[in-house]
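Worksheet for the structure shown next.
The values are calculated or read from the model by the stated rules, or taken from the named source; none is laboratory data. Nothing here was measured: the structure is a model prediction, and the numbers come from that model. Every residue, glycine among them, receives a Cβ derived from its backbone with ideal geometry; neighbour counts consider all protein chains shown. Keep in mind that these areas ignore ligands, DNA and RNA; they rest on the heavy atoms of the full protein, side chains included. Shrake-Rupley method; radii C 1.70, N 1.55, O 1.52, S 1.80 Å.
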Amino acid sequence: MSTLAALARLRAVHTGAAQRLATVRHCHLSERPMVLIPLRLAGEAAAPLAAMAGTDPARPRLLVVPQPRDRDLRFAFAAELAEILLPYIEGLQKATETVERRGAEPFERCVDAPQVIVPNRSAVAFVQLLGRSTRFRRAEGEYAVHPSVPVLGRWLTFLAQRAQYPGSASLLAATEAMSLHWATGQSALEDANLASLMGWIDPPPGMTGAEAAREAEDPLVWPPAGPATDPGFDSEVLAPAIRAYAETRSDRAAARVGEAVRSQLEPTWRLMWRAVGLLGALPAGPGVAARWEGDRASFTGFAAQLAEGGPPQPKRDGAVGAASRLARMERAQASYDAQRAYDDPLVMAGHRLTGEAFTGTVLAADPDHAEGEGRGRKLRPLLTVRTSDPVRLAAGTRLGTPERRGQQAEVVEITGGHVTLKIVKGMGRGRTASPGSVPEVGERVCYAALTDEYQPPASLPAPEDTPWTHGGPPPEHVPAVEEPDEEEWA
Amino acid sequence: MSESLDDLEERINTLRSEIRRAVRAREGALARSLRAELRGAERAWDQALAAHEPTPDEAAPDEPPGSLLPVREQVHQALTLLGVPAAGKMIVAVHGALRAGSLRGPQLTSLRRDEERSFRTSPFARPYYLCAALTDRLSASRGLLAVSTWPLEKRVIGPLSPRVDFLTTAIRVAEHLLRLDEPAEQAPPGAQRLLARLAQNIPGAAPYGTGTPGAGAAVRGAGPGVVPGFAVPDPAVVVKAARAELAVHADADATARAEIAGRARDRLRDPERLFGGAMLTLARREA
Amino acid sequence: MDRLDELRGPVPPRPHDARAIAALAANPGCARRAVLDAAGIDKDATATHLGFPAPFGQSPFAITRGNVFEALVKESGCAELLRLLREILGLPIPLASYTDLGDVGGNPSAHLRHSHTRRLLDRAARDGDDAGTLYDHPLLRLDIAGHTSYLEPDVVAFRLGGRFHIVEIKSFSVIDGQAEPDKVAAAARQAAVYVLALRDTLEELGHDPARVSHDVVLVCPENFANRPAATLVDVRRELAVLRRQLARMTRVGAIVDALEPGLTFDLVPDAGGAPTRPVADLREAVRGVGARYAPDCLSTCDLCFFCRDEAASEGSTDLLGRQVRDALGGVATVAEALGLADGSLIPDEGQEEIARLLRLADRMYAEVS
Ligand code: SF4
């Protein structure tokens, strides 16, 4: 945690209101996101209990499993979820654009992609488990499920995998998206509670954020945002309702379970859309569109793979795949951090505090400065910047700057508040620097040792989704049907 | 659902929303007292529900005709088929799988107590009693049921007896399927599943992938295993594999059981011999 | 130890179960907790009476699921468990004996059951492998700050080649070889308590405590079916932490001696057991022992809401979590940190660096937001 973020939390405690951690929005927000709130039966790994889903705040769809231990009902739930999610996803595959590339075939990319927003990290994990438990199912033979179920499983798996990719917005956890932009006066642990986090950020009239957050911790007032339900609710309301359903299997008993879970889901549903509204009110940062392009490309690629009849995603990465994936993730994380800093002075301030970046005023500029002679002569404009930031950079460090995104500079020397640097890239190819590429004396500038190597994917699919069929590890043997769930306790 | 349950539910709902209001209005004391009231209402609801719940006997309108037999008869049938003391859960599973019966766990809970009462009122009036298996301490073993007409050696439980009885159970179930005289794949699915479950914990009995190599490993792969989902073990293979392991334990088990049975004969009177002695009195006698 | 009894009041000390003992290691720096636990005080009742009931609860579904899974693993003389042990530890076929130490008939006292367990464990430790293999429901004992706690583990002690292992059965799923890390960690902490208790028992009986392995067998359902799978988990680290904390608790005497005379946490229960102690009075008493609140308390200690409230009213930076405190270089209160940030407070010696950072952060925050 940066000192800046810590200070923001202190200010939140002091004022009783959340503090901004960003001046722009760093995640893409779709015009028509799908909000999904899954609930799971306590004690079970992946037994869905209910879900609320939809793209229209006024018309949530409620899905209920009146007896979560009943395998058939569970898969009926999956089929119903598929009915909501698959049309949303398929609708977005229709409109495509042609992307021209230098030196390669142009390719088609969907102009938009699905965006699913769930309450928290645990819900992301649950989406992944739900994907894992459905994508290997078969539509024929014994234990057959509805044909949409394995398709749903693959899409859920796709979304869950995207969620691990830094900067992807295909599957967002609301708590994380909000915490990225606001600091509360409580601990990160408590921020994982959506209601309490939203209490800080957007308290109801007449209440401070701190008060709203405390109130939100009472499960009677604000049911937990799932996937786990409140144990008190389980024993007092849900257990009797499920028992009544198990005994009678009547519609009335099913409706009672439905009403019980609705009471737990509706408050969160409203919270989710409030969160979407608050995020939407922030102007999008410049890098957001490029990262979303990555999501769109990945989506396009996966849809094609699915259409070609590719097999379900394997259960585990091979060792080699996992290692290279990790390295890719780390690079992606570094780029994502850098982009956010370049997009947002408030994020940059965090790096300035650690000495990796600085802002200051140009004291002197030598735009025509060059190194070498004759053919080896290279233009290397020199700048001296006065700064009061605690710069901690070694000579030779590569720097970028938010004002001129393609540009790169190198630290020459640092002496007591003066940084001398030379521009090595992004000042034109002529004998003199192209106009405007070298800051002028008196200009406010910012330089940072953050590299943004992020490249919007040049080809399909995005590298992190390279299917095993294209050189990835072979899938492990997938049995025809998984061992039946033995519902001994049902 | 009765009137009062509906009323209580309504009351609970109202209380919940009142609590919400109280908390919002920062009326801590009120919220607290409402919460107490809510807990009370919920307890009342639970009690009302319990009182309202149908007793097991009238709750099973769709039982198959076979279950017109009294519960104790059905349990007796299942135990006789197995020939070893068994837990309620196993009795229910065996009866369901092999007799198409529909015993339910809760029906068995008071059985042993009822039998004991009947025995104490008029000893040996019935041809058989469903009684206890005896532990090494000569007390009634938790959860195991046995038949009074069995020799004491069968009803006592030494350290290896649970394993021996488990293997015997598997053999009996497999033999039962063999007697049905039709391919294992055509046995009722419940029976196949039961056999598969038993077989997977016996080395060499399951068609593939399970059990430890060692005893009976030669038969691996011999099972028909064509039903998708799980492979049905070949009952003959199960019998062979279970016998192989049984042979390893049989002597040690028999010795231990004979010793316990001997002690039981010496120290226990009739009712205790059937339903178990109390540990404390025994401790004194031991001393 | 009568001072501890005095602190508790006229109720029997609350027995610690393995979960509670494992949680003792969660916040070792907290004197309040150390004193309350050492005195065997019912922290849940204390917190409730203070008006800050603990936010913990377990869903009946989770409880049922746990019981059902455990029954499945143990049914028919632990048939499933035997299969697993044969698979992962190469347990030879002849070793299949099963003794239920809890199945003693009647309803004997914990003490009686413990001596039964001891007797059989002693025999098992002395005899060869054919003496016994699986021992279910051993009733173990652990001394905590001078009080004896009986542990009624639903674990199986298992012996092979002269070594004992603890088998712990948990109903969280392992999916494609992975389980939720917190749950595995909690299971390991609990298993460590049993390992320690079993080691103590063997040692008392004159056997080598090292005969209890630090590798415990964790049995969980695999994937989405209900079938059990086993993994070996090394709990050496958890054992070390636990031992350290138990040793601290026996040294709790120093803290207790420093408490004001007459201080007590007695709830003054009436005939029906309902507490009658004035709340304000109790609050003063609890505040009389220093706490060290951290957000982790929210999942480990019954007093968490009370201590959080206290930390909030003191404006303590502990409220915001370790990461924030670290970033603040240990500045104790929000007011102090904000004072350093806006320059209204002169930094103490040693605070210059963090004060400079905070002032800078404050300036930047004002500059860009
Ligand atoms: S909640 Fe309070 S008493 Fe418990 S460990 Fe935390 S600070 Fe100590």
Please give the number of the condition B:GLY225 fails out of (1) in contact with a Gly (Cβ under 7 Å, 6 or more places away or on another chain); (2) among the small types (Gly, Ala, Ser); (3) modelled with pLDDT under 90.
(1)
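Residues checked against (1) at pLDDT 90 or above; (2) among the hydrophobic types (A, V, I, L, M, F, W, C); (3) within 30 Å of A:LEU152 (Cα to Cα):
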position	(1), (2), (3)
A:GLY310	no, no, yes
A:TYR336	yes, no, yes
A:HIS351	yes, no, no
A:ASP368	no, no, no
A:ARG380	yes, no, no
A:ARG392	yes, no, no
Going through the range C:250-267 one residue at a time, which ones are in a loop (DSSP other than H, G, I, E, B) and in contact with a Gly (Cβ under 8 Å, 6 or more places away or on another chain)?
C:LEU259, C:GLU260, C:LEU263, C:THR264, C:PHE265, C:ASP266, C:LEU267
Of these, C:THR231, C:THR276, which one is more than 14 Å from every other protein chain (Cβ to nearest Cβ), within 30 Å of C:ALA311 (Cβ to Cβ), away from the ligand (no atom under 16 Å from the Cβ) and among the hydroxyl-bearing types (Ser, Thr, Tyr)?
C:THR276
Within the set of pairs 6 or more residues apart or between chains, which connect a residue that is within 8 Å of the ligand (Cβ to nearest atom) inside the range C:17-39 to a residue that is hydroxyl-bearing (Ser, Thr, Tyr) with Cβ atoms less than 7 Å apart?
C:ALA26/C:THR300; C:ASN27/C:THR300
Screening C:LEU218, C:LEU263, C:LEU259, C:LEU246 for residues that are of a type outside the set (Val, Ile, Thr), over 28 Å from C:PRO12 (Cα atoms), in contact (Cβ under 8 Å) with a residue 40 or more places away in the chain and away from every other protein chain (no Cβ under 14 Å) leaves only C:LEU218
Kindly establish whether A:ASP56 is without any contact (Cβ under 8 Å) to a residue 40 or more places away in the chain, open to solvent by 40 Å² or more (accessible area, probe 1.4 Å) and in a loop (DSSP other than H, G, I, E, B).
yes
Hey, could you check the range C:61-119 for residues that are among the charged types (D, E, K, R), under 28 Å from the mean Cα position of the chain (by Cα) and within 8 Å of chain B (Cβ to nearest Cβ) and say which is surrounded by the fewest Cβ atoms within 10 Å (Cβ to Cβ)?
C:ASP103
Criterion: buried (at least 20 other Cβ atoms within 10 Å of the Cβ) and farther than 16 Å from A:SER187 by Cβ - qualifying residue of C:VAL268, C:VAL279, C:VAL289
C:VAL289
Name the one entry in C:ARG322, C:ARG287, C:ARG292 that is of a type in the set (Lys, Arg), touching a residue at least 24 places away in the same chain (Cβ under 8 Å) and more than 10 Å from the ligand (Cβ to nearest atom).
C:ARG322
Within the range A:280-306, track down each residue that is of a type outside the set (A, V, I, L, M) and surrounded by fewer than 16 Cβ atoms within 10 Å (Cβ to Cβ).
A:GLY280, A:PRO283, A:PRO286
Test A:SER250 against the stated conditions and say whether it is more than 14 Å from chain C (Cβ to nearest Cβ), open to solvent by 10 Å² or more (accessible area, probe 1.4 Å) and of a type in the set (S, T, N, Q).
yes
Report yes if some residue within the range A:339-361 is more than 14 Å from every other protein chain (Cβ to nearest Cβ) and either open to solvent by 30 Å² or more (accessible area, probe 1.4 Å) or touching a helix residue (DSSP H, G or I) at 6+ places or on another chain (Cβ under 9 Å) (or both); otherwise report no.
yes
Selection count, the range B:117-145, where residues are open to solvent by 10 Å² or more (accessible area, probe 1.4 Å), in a strand (DSSP E or B) and in contact with a helix residue (DSSP H, G or I) (Cβ under 7 Å, 6 or more places away or on another chain)
3
Condition set surrounded by fewer than 17 Cβ atoms within 10 Å (Cβ to Cβ) and small (Gly, Ala, Ser), scope the range C:210-236, selection nearest to C:ASP176 (Cα to Cα): answer is C:ALA225
Filter result for the condition that a residue is modelled with pLDDT of 70 or more and in contact with a Lys or Arg (Cβ under 9 Å, 6 or more places away or on another chain), over B:GLU18, B:GLU27, B:GLU10, B:GLU42
B:GLU27
Could we say that C:THR317 is β-branched (Val, Ile, Thr), in contact with an Asp or Glu (Cβ under 9 Å, 6 or more places away or on another chain), outside the structural domain of C:GLU180 (by TED's automatic domain parsing) and surrounded by 21 or more Cβ atoms within 10 Å (Cβ to Cβ) here?
yes
Give all pairs with beta carbons closer than 8 Å in which a residue from the range C:154-170 that is farther than 18 Å from C:ARG19 by Cα meets a residue that is at pLDDT below 90 and of a type in the set (Val, Ile, Thr); count only pairs at least 6 apart in sequence or on separate chains.
C:PHE158/C:THR133; C:ARG159/C:THR133; C:LEU160/C:THR133
Only one residue in C:ALA361, C:ALA332 is within 16 Å of the ligand (Cβ to nearest atom) and either at negative phi or of a type outside the set (D, E, K, R) (or both), so which one is that?
C:ALA332
Qualifying residues in the range A:13-61 (those that are closer than 20 Å to A:GLY153 by Cβ and within 19 Å of the chain's Cα centre (by Cα)) - the one farthest from the other protein chains (Cβ to nearest Cβ):
A:MET34
Quick one: in the range B:146-161, which of the residues that are more than 19 Å from B:ARG112 (Cβ to Cβ) and within 14 Å of another protein chain (Cβ to nearest Cβ) is most open to solvent (accessible area, probe 1.4 Å)?
B:PRO159
Criterion first (open to solvent by 30 Å² or more (accessible area, probe 1.4 Å) and out of contact with any strand residue (DSSP E or B) (no Cβ under 8 Å at 6 or more places or on another chain)) does A:ARG392 satisfy it?
yes
Among the candidates C:ALA23, C:ALA18, residue that is open to solvent by less than 50 Å² (accessible area, probe 1.4 Å) and out of contact with any Pro (no Cβ under 8 Å at 6 or more places or on another chain):
C:ALA23
Surrounded by fewer than 22 Cβ atoms within 10 Å (Cβ to Cβ), within 14 Å of the ligand (Cβ to nearest atom) and within 14 Å of chain A (Cβ to nearest Cβ): is that true of C:PRO53 in this structure?
yes
Scope the range C:300-319; condition free of Cβ contacts under 8 Å to residues at least 12 places away in the same chain and either away from the ligand (no atom under 13 Å from the Cβ) or of a type in the set (S, T, N, Q) (or both); matching residues
C:SER313
Could you check C:LEU4 against (1) within 16 Å of the ligand (Cβ to nearest atom); (2) under 27 Å from C:GLY262 (Cβ atoms) and say which number it fails?
(1)
